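To start, the structure itself, in structure tokens.
The values are calculated or read from the model by the stated rules, or taken from the named source; none is laboratory data. Note that this is a predicted model, so its numbers are computed, not measured. Cβ: placed from backbone, ideal geometry, glycine included. Neighbour counts: every protein chain shown. Remember, those area values only see protein heavy atoms, side chains included, never the ligands or the DNA or RNA. Shrake-Rupley method; radii C 1.70, N 1.55, O 1.52, S 1.80 Å.
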Amino acid sequence: MGGEHLGPASYFWLLTEFMLKNLTIKKASELLAKKEISAVELAGQYFDLIADKNKDVFAYLEIFAQSAKEKAEKIDSLRAAGEKLPALAGIPLAVKDNILIAGQKSSSASKILENFTAPYDASVIARLKEAGVVFLGRTNMDEFAMGSSTENSAFGPTKNPYDFSRIPGGSSGGSAAAVAADMCVFALGSDTGGSIRQPASFCGVAGLKPTYGAVSRYGLMAMASSLDQIGPLAKTVEDAEIVFSAICGADKRDSTSVDYEYKKLEDFKLQGLKVGIVKEFLGAGLSGEVAESIRLLLKKLALAGAEITEVSLPHAQEALACYYVIMPCEVSANMARYDGIRYGLSKREKGGGMWDIYFKSRAQGLGDEVKRRIMLGTYALSAGYYEAYYLQAQKVRNLIKEDFKKAFAQADILLTPTAPTTAFKLGEKTSDPLTMYLEDVYTVPINLAGLPALSLPIGRDSLGLPIGLQLVAGHFQENKIMALGKAIERL
Ligand code: GLN
């Protein structure tokens, strides 16, 4: 635009960008409550911005313009009638493509589900609907949540809003990029081995992986059922906390969910807080710049009165190997349901009979990474290998859980990098799955132990790319990591 006169339309556009920039749930709900903006206007501004940015970022697979408008109108009329509305009423959000919203398509970014329409709401969606949110659309992801870069989407990769030549992380890359690019107020993601936290870290947003059992998984397409959790990606820790408290708690349709009400920690102090740093997580493989920004933060925490102690997770180095046995075993079982017949007939290939339909549909409807994991899992579960792999991995999983128990006897909260590096280039790791798997080295142990963990931005590297920090606490102690996360944001 350099030097030219701005027409009224451009001013309007600048205003939209300015308003949506870093717009939090708290700010947006204040604006809505004071009627400074209506829910319809707010959603409309997001759609304008999405229309402009999505061609570069490709965070959204589909937007829900019509249903969002209808929902926003309903909220506005309730407000006009003087109804007392919850904090999330009228707040626009994005949803990862593996979480079901009744009547909308849901594909897990896979060809095999390209024409699948969700017949019911996931429990988290039902809760958010009750709270009055406005769904803007569904976001891109690695196919069936398998990946760390969103490059495994069958529909093309999402780009990192900080640098379009880089990946946003994965598998919830579309959700993280949408939040970072101000294309929604907050988003939902899922995390099996790091898929909320690593993209949050690469896109400079806050992302929470709740305790296993804290949030219902009903209506989330299962990847590895003993590890999966749904959680928020948001602009601030406080926003993540608001969303988490709205979606957590028991659900009779998910027997692993636990009766749990979130309570904010009111009397949190840095003074005397025991912060544990994990010795094994600060060595080889960690980028110098990430290590340096963590060191700086530790200094500030110590100055504010926190006690920094070193803890050890001796079996953490086995965590990746353990995860890449247990996860594919569960994947191979969960993926068996996609046969080309159920869940929409998009990839049902004409063939000689039932087996032919199965083989052709799966061969053509599923991507390479998904197939690799189905094969790995099927092999590891087969007779003769089950004891050597699956059973052995379960034993290692127990050792990892024990390590965390011991660590939490010494520290209140653990502080680690979220990922070994900042966002890498598109295509940089696609030809070598093993280097891609190494992305999860600090996040996977948390899922194996079922613990809650938060990733939050703590700075930028020399290329201007966000650096993420991971905070981990004991089971159902989300309130501790939220309190420390907010304190770190203030620091
Ligand atoms: N990146 C990890 C994987 O590929 C984690 C995925 C996830 O959490 N869904 O398995």
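Summary table below
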quantity: Relative contact order of the range 186-336, pairs being alpha-carbon contacts under 8 Å that are 6 or more residues apart, as %; calculated: 22
quantity: By accessible area with a 1.4 Å probe, ligands and nucleic acids excluded, highest first: order of ARG460, ARG166, ARG197; calculated: ARG460, ARG166, ARG197
quantity: Cα-based shape type of the range 155-198, given that a ≥ b ≥ c are square roots of the gyration tensor eigenvalues and the cut on a/c is 1.5; calculated: oblate
quantity: Residue-by-residue Karplus 3J(HN,Hα) for the range 188-205, coefficients 6.51, -1.76, 1.60, Hz, glycine and proline x; calculated: 9, x, 10, 9, 10, x, x, 5, 9, 6, 5, x, 4, 4, 6, 9, x, 10
quantity: Cα centroid of the range 49-123 to Cα centroid of the range 446-466, whole Å; calculated: 26
quantity: Pairwise Cα inverse-distance average, inverted: Kirkwood Rh of the chain (Å); calculated: 22.8
quantity: Cα centroid separation, the range 161-204 to the range 269-318 (Å); calculated: 24
quantity: Accessible carbon and sulfur surface of the chain relative to its total accessible area, %, 1.4 Å; calculated: 55
quantity: Accessible area of ILE75 in the full protein assembly, 1.4 Å probe (Å², nearest 10); calculated: 10
quantity: Order by protection proxy (mean Cβ within 10 Å, highest first), peptides 43-54, 400-411; calculated: 43-54, 400-411
quantity: Solvent exposure ordering (accessible area, 1.4 Å, most first) of THR422, THR139; calculated: THR422, THR139
quantity: Rounded if a/c under 1.5, otherwise prolate or oblate - the range 275-332, Cα gyration tensor axes; calculated: prolate
quantity: Shape call, the range 167-273: gyration tensor on alpha carbons, a/c limit 1.5; calculated: oblate
